[in-house]
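Below is one structure, written out as C-alpha coordinates; comments come after it.
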Amino acid sequence: MCMEINVGINGLSKLVHKQINNHFGISKAEKEIIQNSFKDTIERVRYCFERTPNKYYHRDGQTYFNAFHSGQYSIFLYFLSNSVSQKDDKCETLADKIYYLNKTLNGFDLFHQVRMPDVFFLDHPVGSVIGRADIGNYFSFSQNCTVGNNKGIYPKIGENVRMMASSAILGNCNVGDYVIISAGTIIKDVDIPPYSLVFGHPNQLIIKTKDKKYIENLRRPNPEVGQF
(Lines give C-alpha, C1' and ligand atoms only; values in the text may rest on other atoms or scores of the structure.)
Protein backbone atom coordinates (compact mmCIF):
# COMPACT_ATOMS: atom_id res chain seq x y z
CA MET A 1 0.00 0.00 0.00
CA CYS A 2 1.28 3.47 -0.83
CA MET A 3 1.03 6.57 1.35
CA GLU A 4 -0.12 10.06 0.43
CA ILE A 5 1.99 12.89 1.87
CA ASN A 6 0.21 16.24 1.97
CA VAL A 7 3.34 18.23 1.00
CA GLY A 8 4.77 15.53 -1.28
CA ILE A 9 8.05 13.71 -0.79
CA ASN A 10 10.15 16.60 -2.12
CA GLY A 11 8.24 19.13 -0.04
CA LEU A 12 8.78 17.01 3.07
CA SER A 13 12.51 16.82 2.38
CA LYS A 14 12.75 20.59 1.91
CA LEU A 15 10.75 21.18 5.09
CA VAL A 16 13.11 19.06 7.19
CA HIS A 17 16.21 20.66 5.68
CA LYS A 18 14.88 24.16 6.34
CA GLN A 19 13.81 23.42 9.92
CA ILE A 20 17.17 21.87 10.83
CA ASN A 21 19.07 24.70 9.16
CA ASN A 22 17.00 27.38 10.93
CA HIS A 23 17.63 25.86 14.36
CA PHE A 24 21.08 24.27 14.17
CA GLY A 25 22.55 24.70 10.69
CA ILE A 26 22.92 21.96 8.11
CA SER A 27 25.80 21.03 5.82
CA LYS A 28 25.68 19.67 2.29
CA ALA A 29 26.92 16.32 3.59
CA GLU A 30 24.12 16.22 6.18
CA LYS A 31 21.52 16.93 3.48
CA GLU A 32 22.86 13.96 1.54
CA ILE A 33 22.66 11.73 4.62
CA ILE A 34 19.03 12.71 5.09
CA GLN A 35 18.25 11.99 1.45
CA ASN A 36 19.94 8.60 1.72
CA SER A 37 17.82 7.82 4.80
CA PHE A 38 14.53 9.09 3.40
CA LYS A 39 13.35 5.98 1.56
CA ASP A 40 13.78 3.77 4.61
CA THR A 41 12.18 6.38 6.87
CA ILE A 42 9.10 6.84 4.68
CA GLU A 43 8.62 3.07 4.48
CA ARG A 44 8.76 2.82 8.28
CA VAL A 45 6.26 5.67 8.61
CA ARG A 46 3.91 4.07 6.09
CA TYR A 47 4.06 0.69 7.83
CA CYS A 48 3.27 2.32 11.17
CA PHE A 49 0.56 4.70 9.97
CA GLU A 50 -1.41 2.17 7.95
CA ARG A 51 -1.91 0.14 11.14
CA THR A 52 -3.48 2.90 13.23
CA PRO A 53 -7.29 3.23 13.38
CA ASN A 54 -7.05 6.99 13.94
CA LYS A 55 -9.07 8.65 11.18
CA TYR A 56 -6.49 11.39 10.63
CA TYR A 57 -3.96 8.82 9.38
CA HIS A 58 -6.19 7.77 6.48
CA ARG A 59 -7.92 9.49 3.59
CA ASP A 60 -10.10 7.98 0.89
CA GLY A 61 -9.00 4.46 1.85
CA GLN A 62 -5.31 5.33 1.68
CA THR A 63 -2.67 5.87 4.34
CA TYR A 64 -2.20 9.60 4.81
CA PHE A 65 0.70 11.59 6.28
CA ASN A 66 0.02 15.23 7.14
CA ALA A 67 3.34 16.93 7.89
CA PHE A 68 1.43 19.63 9.78
CA HIS A 69 -0.20 17.12 12.13
CA SER A 70 2.03 17.36 15.21
CA GLY A 71 1.60 13.73 16.28
CA GLN A 72 2.31 12.35 12.82
CA TYR A 73 5.31 14.61 12.40
CA SER A 74 6.65 13.52 15.80
CA ILE A 75 6.65 9.88 14.70
CA PHE A 76 8.24 10.78 11.37
CA LEU A 77 11.08 12.72 13.03
CA TYR A 78 11.76 9.84 15.41
CA PHE A 79 12.00 7.35 12.53
CA LEU A 80 14.23 9.75 10.57
CA SER A 81 16.59 10.36 13.51
CA ASN A 82 16.74 6.64 14.25
CA SER A 83 17.41 5.73 10.60
CA VAL A 84 20.16 8.36 10.40
CA SER A 85 21.77 7.19 13.66
CA GLN A 86 22.04 3.64 12.29
CA LYS A 87 24.18 4.76 9.32
CA ASP A 88 27.49 5.11 11.17
CA ASP A 89 29.12 7.08 13.99
CA LYS A 90 29.72 10.05 11.69
CA CYS A 91 25.95 10.60 11.53
CA GLU A 92 25.52 10.93 15.30
CA THR A 93 25.51 14.74 15.31
CA LEU A 94 22.87 14.91 12.59
CA ALA A 95 20.74 12.35 14.43
CA ASP A 96 21.07 14.52 17.54
CA LYS A 97 19.87 17.55 15.58
CA ILE A 98 16.77 15.72 14.31
CA TYR A 99 16.01 14.42 17.81
CA TYR A 100 16.42 17.94 19.20
CA LEU A 101 14.19 19.32 16.43
CA ASN A 102 11.45 16.89 17.47
CA LYS A 103 11.83 17.99 21.07
CA THR A 104 11.79 21.67 20.08
CA LEU A 105 8.76 21.50 17.78
CA ASN A 106 6.62 18.98 19.64
CA GLY A 107 7.74 19.09 23.29
CA PHE A 108 8.36 15.34 23.09
CA ASP A 109 11.53 13.54 24.25
CA LEU A 110 12.26 10.36 22.27
CA PHE A 111 16.00 9.91 21.72
CA HIS A 112 17.12 8.42 18.43
CA GLN A 113 18.86 5.47 20.11
CA VAL A 114 15.67 4.34 21.86
CA ARG A 115 14.34 1.23 20.11
CA MET A 116 10.69 1.84 19.43
CA PRO A 117 8.60 -0.95 17.87
CA ASP A 118 7.67 -0.88 14.19
CA VAL A 119 4.13 0.14 15.12
CA PHE A 120 3.39 2.64 17.86
CA PHE A 121 0.86 5.42 18.34
CA LEU A 122 0.72 8.67 20.25
CA ASP A 123 -1.92 11.29 20.92
CA HIS A 124 -0.90 14.76 22.09
CA PRO A 125 2.63 13.68 23.15
CA VAL A 126 3.58 17.02 24.76
CA GLY A 127 5.64 16.43 27.88
CA SER A 128 6.16 12.72 27.31
CA VAL A 129 9.57 11.09 27.80
CA ILE A 130 10.13 7.59 26.45
CA GLY A 131 13.35 5.91 27.60
CA ARG A 132 15.25 2.80 26.51
CA ALA A 133 12.74 0.15 27.46
CA ASP A 134 11.98 -3.07 25.59
CA ILE A 135 8.65 -2.12 23.99
CA GLY A 136 6.28 -4.33 21.98
CA ASN A 137 4.22 -3.42 18.92
CA TYR A 138 1.03 -1.36 19.12
CA PHE A 139 2.30 0.61 22.11
CA SER A 140 0.37 3.87 22.58
CA PHE A 141 0.64 6.82 24.93
CA SER A 142 -0.64 10.33 25.52
CA GLN A 143 0.62 13.56 27.11
CA ASN A 144 3.00 13.67 30.08
CA CYS A 145 3.77 9.93 29.99
CA THR A 146 7.11 8.58 31.18
CA VAL A 147 8.91 5.31 30.46
CA GLY A 148 12.19 5.27 32.34
CA ASN A 149 14.72 3.45 34.47
CA ASN A 150 15.14 2.93 38.18
CA LYS A 151 18.66 2.16 39.33
CA GLY A 152 19.65 1.59 35.70
CA ILE A 153 16.99 -1.03 34.95
CA TYR A 154 14.37 -0.31 32.28
CA PRO A 155 10.92 -1.89 31.87
CA LYS A 156 9.84 -4.63 29.48
CA ILE A 157 6.53 -3.73 27.86
CA GLY A 158 4.40 -6.21 25.92
CA GLU A 159 2.27 -5.67 22.85
CA ASN A 160 -0.86 -3.50 22.76
CA VAL A 161 -0.02 -1.62 25.96
CA ARG A 162 -1.77 1.72 26.31
CA MET A 163 -0.63 4.54 28.63
CA MET A 164 -3.18 7.20 29.48
CA ALA A 165 -2.20 10.81 30.29
CA SER A 166 0.40 11.44 33.02
CA SER A 167 1.08 7.75 33.64
CA ALA A 168 4.54 6.22 34.14
CA ILE A 169 6.29 2.85 33.85
CA LEU A 170 9.57 2.85 35.74
CA GLY A 171 12.32 0.39 36.56
CA ASN A 172 12.22 -3.38 36.79
CA CYS A 173 8.72 -3.96 35.38
CA ASN A 174 7.39 -6.65 33.08
CA VAL A 175 4.12 -5.33 31.66
CA GLY A 176 2.07 -7.97 29.86
CA ASP A 177 0.18 -7.71 26.57
CA TYR A 178 -3.07 -5.72 26.34
CA VAL A 179 -2.57 -3.69 29.49
CA ILE A 180 -4.27 -0.30 29.92
CA ILE A 181 -2.63 2.06 32.42
CA SER A 182 -5.05 4.68 33.67
CA ALA A 183 -4.36 8.42 33.88
CA GLY A 184 -1.91 9.41 36.60
CA THR A 185 -0.92 5.82 37.41
CA ILE A 186 2.70 5.06 38.35
CA ILE A 187 4.05 1.53 37.91
CA LYS A 188 7.47 1.02 39.50
CA ASP A 189 9.43 -2.22 39.89
CA VAL A 190 6.35 -4.44 39.64
CA ASP A 191 5.06 -6.95 37.07
CA ILE A 192 1.64 -6.48 35.48
CA PRO A 193 -0.20 -9.53 34.07
CA PRO A 194 -1.69 -9.46 30.56
CA TYR A 195 -5.22 -8.13 29.98
CA SER A 196 -5.20 -5.83 32.98
CA LEU A 197 -6.45 -2.38 33.93
CA VAL A 198 -4.05 -0.60 36.30
CA PHE A 199 -4.78 2.29 38.68
CA GLY A 200 -2.90 4.13 41.43
CA HIS A 201 0.64 4.56 42.68
CA PRO A 202 3.39 2.36 44.16
CA ASN A 203 2.21 0.64 47.38
CA GLN A 204 -1.38 1.49 46.45
CA LEU A 205 -1.56 -0.09 43.02
CA ILE A 206 -4.85 -1.62 41.89
CA ILE A 207 -4.60 -4.27 39.17
CA LYS A 208 -7.84 -5.56 37.65
CA THR A 209 -7.27 -8.51 35.33
CA LYS A 210 -10.02 -8.89 32.74
CA ASP A 211 -10.76 -11.37 29.99
CA LYS A 212 -9.33 -10.80 26.53
CA LYS A 213 -12.62 -9.73 24.92
CA TYR A 214 -13.25 -7.06 27.56
CA ILE A 215 -9.87 -5.37 27.00
CA GLU A 216 -10.10 -5.65 23.22
CA ASN A 217 -13.53 -3.99 23.29
CA LEU A 218 -12.10 -1.10 25.31
CA ARG A 219 -9.34 -0.66 22.76
CA ARG A 220 -11.61 -0.63 19.71
CA PRO A 221 -11.68 2.77 18.02
CA ASN A 222 -14.67 4.99 18.63
CA PRO A 223 -16.47 5.08 15.26
CA GLU A 224 -17.21 8.77 15.71
CA VAL A 225 -13.63 9.93 16.33
CA GLY A 226 -11.65 7.04 14.85
CA GLN A 227 -9.28 6.80 17.81
CA PHE A 228 -8.42 4.30 20.50
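The values are calculated or read from the model by the stated rules, or taken from the named source; none is laboratory data. Because the structure is predicted, anything quoted here is derived from the model rather than measured. Here Cβ is always computed from backbone atoms with ideal geometry, including for glycine, and neighbour counts include all displayed protein chains.
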Pick from region 144-187, criterion touching a strand residue (DSSP E or B) at 6+ places or on another chain (Cβ under 6 Å) and hydroxyl-bearing (Ser, Thr, Tyr), ranking: nearest to Asp118 (Cα to Cα): Thr146
Per-region count, region 45-69, residues surrounded by 20 or more Cβ atoms within 10 Å (Cβ to Cβ) and not aromatic (Phe, Trp, Tyr): 4
Filter result for Gln143 (farther than 24 Å from Val190 by Cα and of a type outside the set (Gly, Ala, Ser)): no
Residues (over 10 Å from the mean Cα position of the chain (by Cα) and surrounded by 22 or more Cβ atoms within 10 Å (Cβ to Cβ)) located in region 107-127: His112
Residue within region 112-132 that is of a type in the set (Val, Ile, Thr) and either assigned by TED's automatic domain parsing to the domain that holds Asp40 or touching a Lys or Arg at 6+ places or on another chain (Cβ under 8 Å) (or both) present: yes
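Listed here are the residues, each with its yes/no results for (1) among the hydrophobic types (A, V, I, L, M, F, W, C); (2) surrounded by fewer than 16 Cβ atoms within 10 Å (Cβ to Cβ); (3) touching an Asp or Glu at 6+ places or on another chain (Cβ under 9 Å); (4) not assigned by TED's automatic domain parsing to the domain that holds Tyr56.
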residue	(1), (2), (3), (4)
Gly71	no, no, yes, no
Phe76	yes, no, no, no
Phe79	yes, no, yes, no
Ser83	no, no, yes, no
Asp89	no, yes, no, no
Thr93	no, yes, yes, no
Lys97	no, no, yes, no
Residue identified as crowded, with 20+ Cβ neighbours inside 10 Å, under 24 Å from Phe49 (Cβ atoms) and not charged (D, E, K, R) among Cys173, Cys145: Cys145
Matching entry among Lys188, Lys212 (being out of contact with any Leu (no Cβ under 7 Å at 6 or more places or on another chain), of a type in the set (Lys, Arg) and surrounded by fewer than 18 Cβ atoms within 10 Å (Cβ to Cβ)): Lys212
